[in-house]
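Working notes, structure below.
The values are calculated or read from the model by the stated rules, or taken from the named source; none is laboratory data. These numbers were taken from a predicted model, which means no experiment stands behind them. Ideal geometry is used to build each Cβ from the backbone, glycine not excepted, and the neighbour counts take in all protein chains shown. These area figures cover heavy atoms from the full protein model, side chains too; ligands, DNA and RNA do not enter into them. Shrake-Rupley method; radii C 1.70, N 1.55, O 1.52, S 1.80 Å.
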Amino acid sequence: MIQAALELLDEKGLDALSTRAVADRLGVRMNTVLWHVKTKAGMLELMADAVIGEIPLDDLPGTWDERVRELAYRYRGALLAHRDGAALVVGTNAAEPHTLNFANALVGALLDGDLEERAAAWTAWTIVYFAFGLAQEEQAAAHQPLEGRLAATVSAAAHPALHRVLAHLGADSFDERFEFGLTRILARS
């Protein structure tokens, strides 16, 4: 059922997703879907957990900082692997097995770097929030390119600081921006 919902997400996007659409796709009654997921919110949480479940937690580097970096890249990759994947995951608070296993691996790597407990927890959240935000922007830019709109509305007179950095805000810089931000986060941890 969750796999069918993910296929529907990939085909039509998050806005088109409903328990009725999943039931139609499976050729069952909507009550059958609701019996398994209880509510649309429950379905979205299970879908988000399935997306996070696509992140392999094996074959990770041995050093804590490289392990954190690899987990962050895998996390971002999982979000980007599905249409509206970032919006799906950010919109849930899934305390489900895959999500908890990923969080445990990320926090564990940070603790292995001798971060104190609060710093490890908050650094993990910072990485996750950063990945969410950049992945959402990247997925939105695929449907509505920002570059042309920015160039047309940002002027040197009205927005001098933005005008100076405009060349660095393009859609082709998402990978570099992720690396830059992750490096900054880890340097301050």
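One table, with the values for the structure above:
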| item | result |
| --- | --- |
| Residue in segment 142-158 that is within 17 Å of the chain's Cα centre (by Cα), within 20 Å of residue 79 (Cβ to Cβ) and open to solvent by less than 30 Å² (accessible area, probe 1.4 Å) present | no |
| Failed criterion for residue 89 (all others in (1) touching a Lys or Arg at 6+ places or on another chain (Cβ under 6 Å); (2) surrounded by 15 or more Cβ atoms within 10 Å (Cβ to Cβ) hold) | (1) |
| Pairs where the first residue, in segment 174-189, is over 17 Å from residue 121 (Cα atoms) and the second is surrounded by 13 or more Cβ atoms within 10 Å (Cβ to Cβ), C-beta under 6 Å, 6+ apart | 174/138; 178/134; 181/130 |
| Residues (part of a helix (DSSP H, G or I), surrounded by 20 or more Cβ atoms within 10 Å (Cβ to Cβ) and among the aliphatic types (A, V, I, L, M)) located in segment 47-82 | 47, 48, 50, 51, 52, 68, 71, 72, 78, 79 |
| Selected residue [under 19 Å from residue 6 (Cβ atoms) and acidic (Asp, Glu)] from 96, 66 | 96 |
| Failed item in (1) over 15 Å from the mean Cα position of the chain (by Cα); (2) open to solvent by less than 30 Å² (accessible area, probe 1.4 Å); (3) modelled with pLDDT under 95, with residue 94 passing the rest | (1) |
| Flag if residue 66 is modelled with pLDDT under 95 and either farther than 19 Å from residue 136 by Cβ or not basic (Lys, Arg) (or both) | no |
| Residue, modelled with the lowest pLDDT, within segment 113-139, restricted to residues that are part of a helix (DSSP H, G or I), open to solvent by 60 Å² or more (accessible area, probe 1.4 Å) and of a type in the set (D, E, K, R) | 137 |
| Subset of segment 18-46 (residues that are of a type outside the set (A, V, I, L, M, F, W, C), within 20 Å of the chain's Cα centre (by Cα) and either exposed (fewer than 15 other Cβ atoms within 10 Å of the Cβ) or farther than 21 Å from residue 80 by Cβ (or both)) | 40, 42 |
| Counted residues, segment 83-106 - those being in contact with a Leu (Cβ under 8 Å, 6 or more places away or on another chain) and part of a loop (DSSP other than H, G, I, E, B) | 6 |
| Residues of segment 165-178 satisfying the condition of being farther than 24 Å from residue 153 by Cβ and either over 15 Å from the mean Cα position of the chain (by Cα) or among the hydrophobic types (A, V, I, L, M, F, W, C) (or both) | 178 |
